[in-house]
Amino acid sequence: MARLDLPEILATTRAKEKESEQRLVSIFLWEQGKFKQFLDLVKRREKNGYDSYFEAAMEMPIGRVIPLWQDYLAGIAARRSEILRLPLSATLPNENAFHKFAASYGISVSVE
């Protein structure tokens, strides 16, 4: 996992190629608090002087993001057994049940 190449993932343009890795990048953006900003930049077609929407959302060039990405991947690897405990899917009857479910697995559901 630690060998996932962020620039290569971001450069992928073909549908279905590296889809899982692209999802991981989306979660990375979310955890960095930059996902909404990324979507807004894409919607407005603004890169704010950066080469990509990703860099613009992160507000730094890719070279400065890579250490954060590597730390993120290391964190995933460290929590692997915990992550594998999660059910593949769950259907819950209401919001209260969802919050109890999330809490039981230590999932943060706070909104920015």
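As a summary of the residue check, Glu21 satisfies the conditions (1) at pLDDT 95 or above; (2) surrounded by 13 or more Cβ atoms within 10 Å (Cβ to Cβ); (3) not in a loop (DSSP other than H, G, I, E, B) except for the one numbered (1). Filtered by the rule that a residue be under 12 Å from Leu10 (Cβ atoms) and in a helix (DSSP H, G or I), the range 29-55 gives Leu29, Phe38, Tyr53, Phe54, Glu55. For the range 68-80, the count of residues that are under 24 Å from Ala102 (Cβ atoms), among the charged types (D, E, K, R) and more than 15 Å from the chain's Cα centre (by Cα) is nonzero. Scanning the range 56-91 for residues that are of a type outside the set (Gly, Ala, Ser), part of a helix (DSSP H, G or I) and loosely packed, with under 12 Cβ neighbours inside 10 Å yields a total of 7. Taken over the range 60-108, residues that are within 28 Å of Thr12 (Cα to Cα) and in contact (Cβ under 8 Å) with a residue 12 or more places away in the chain amount to 11.
The values are calculated or read from the model by the stated rules, or taken from the named source; none is laboratory data. Since the model is a prediction, treat every value here as computed from it, not as a measurement. Glycine also receives a Cβ, built like all others from the backbone with ideal geometry; neighbour counts cover every protein chain displayed.
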